[in-house]
Amino acid sequence: MIDTHCHFDVKSKDLLKKELKEIYQNGVEKLIVSCCTKEEQMKNIPLLLNEDMVYLSLGFHPEEAGKISTEDLNHLEKMLKSLPHVVAVGEIGLDYFYTKDQKKEQIQLFESQLKIAERLHLPVVIHSRDATEDTINLLQKYKINGVIHCFSGSLETAKIYMKMGFFLGIGGVVTFKNSHLKEVLSQIPLESILLETDSPYLTPVPYRGKENSPKYLPIIAQFIADLKQKDIKIVEEITNSNCKQIFHI
Ligand SMILES: [Zn+2]
């Protein structure tokens, strides 16, 4: 199966190889690694390149708003165009949970990157927190598709995104005891979801509290399979096909 959204703090090529091997042995064959700050991109991209199972999603996270220059955006566009295994612009979006005061800057940064995605015909990976209305309105201005990463909204919101042709990224949150996502997910077809861990964050039950890893993706897949009363193989097959459709991998 494919972890469509994770983060890596790459310490060395050797450690990365060791980690990737362990992930692969746990049944996760491919990863889309999100590099969404300048620092992350500078440090991680050279190490992640040329790893067969690693694909990249590059962009600037809403928390970077106010720190990104036109030059940075030009450099991002160049990387998106020229680097191998780049499959998406992201994660990009709006986060009004922590940084409400930077709304204007966030919207500006988000739109600049939506324009890049539209120009390059790349899908987008969306981070949206406490900002559903603005996110939907901005996405509707552009001819793009993609995934709402770490979706945890209402069924009504899910339906709007699905109607727009977006996939919903489902991760460890669905396994949390107090999460309402189970009820929402039970009414969403597998054809609209992608599996993700958002590692090292949001570790699924029963490993909650420990650091997350893409190797836990099968736990999330199994949880969804049980919820849907389907075999895990079916979940894998359909979400892999969704992944192929949107990211061409
Ligand atoms: Zn993320």
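The values are calculated or read from the model by the stated rules, or taken from the named source; none is laboratory data. This structure is a prediction, so every number in the text was calculated from the model and none was measured. Backbone-built Cβ (ideal geometry, glycine too); neighbour counts: all protein chains shown. Just so you know, the surface numbers come from the protein's heavy atoms only, side chains and all, with ligands and any DNA or RNA stripped out. Shrake-Rupley method; radii C 1.70, N 1.55, O 1.52, S 1.80 Å.
Using a probe radius of 1.4 Å on heavy atoms only, what accessible surface per residue do you get for the chain? Whole Å² is fine. Write out the running numbers ahead of the final one.
Values: 12050 Å² over 249 residues.
The answer is 48 Å² per residue.
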Discussion item. Using amide H atoms built in the peptide plane, which far-off residues or other-chain residues are under 5 Å from residue 95 H to H?
Written reply: 129
Discussion item. Which lysines, if any, have their Cα less than 16 Å from the Cα of residue 81, not counting same-chain residues under 8 positions apart?
Written reply: 115
Item to complete: With a 1.4 Å probe and every protein chain left in place, tell me how much accessible area residue 129 has, in Å² to the nearest 10.
Response: 90
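Given a Förster distance of 35 angstrom, what is the FRET efficiency for residue 180 paired with residue 50, based on the Cβ-Cβ distance and rounded to 0.05? Write down the numbers at each step before the final one.
Values: r = 41 Å, r/R0 = 1.19.
It comes to 0.25.
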Worksheet entry | Relative contact order for the chain, counting Cα pairs under 8 Å that sit 6 or more residues apart, in percent | 19
Worksheet, complete the sentence: Counting sequence-distant residues (5 or more places) and residues on other chains, those with an amide H built under 5 Å from that of residue 193 are 168
Response to the item:
Taking a straight Cα-to-Cα line shorter than 20 Å from residue 17, and setting aside same-chain lysines fewer than 8 residues away, one finds 30, 43, 215
Practice prompt. Compute, for residue 36, the solvent-accessible surface of its heavy atoms (probe 1.4 Å) with the complete set of protein chains present, and express it in square angstrom to the nearest 10.
Written response: 10
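Considering only protein heavy atoms and a 1.4 Å probe, what is the carbon-and-sulfur percentage of the accessible area of the chain? Present the calculation step by step, with values, prior to reporting the outcome.
Working: 6010 of 12050 Å².
Using a 1.4 Å probe with all protein chains present, the chain comes out at 50 percent carbon and sulfur.
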Worksheet entry | Qualifying trypsin sites (Lys or Arg not before Pro) in the stretch 1-65, DSSP loop, other Cβ atoms within 10 Å at most 15 | 11
Response to the item:
Binned at 5 Å from zero, the C-alpha pair distances of the chain give percents of 1, 6, 15, 19, 21, 18, 12, 7, 2, 0
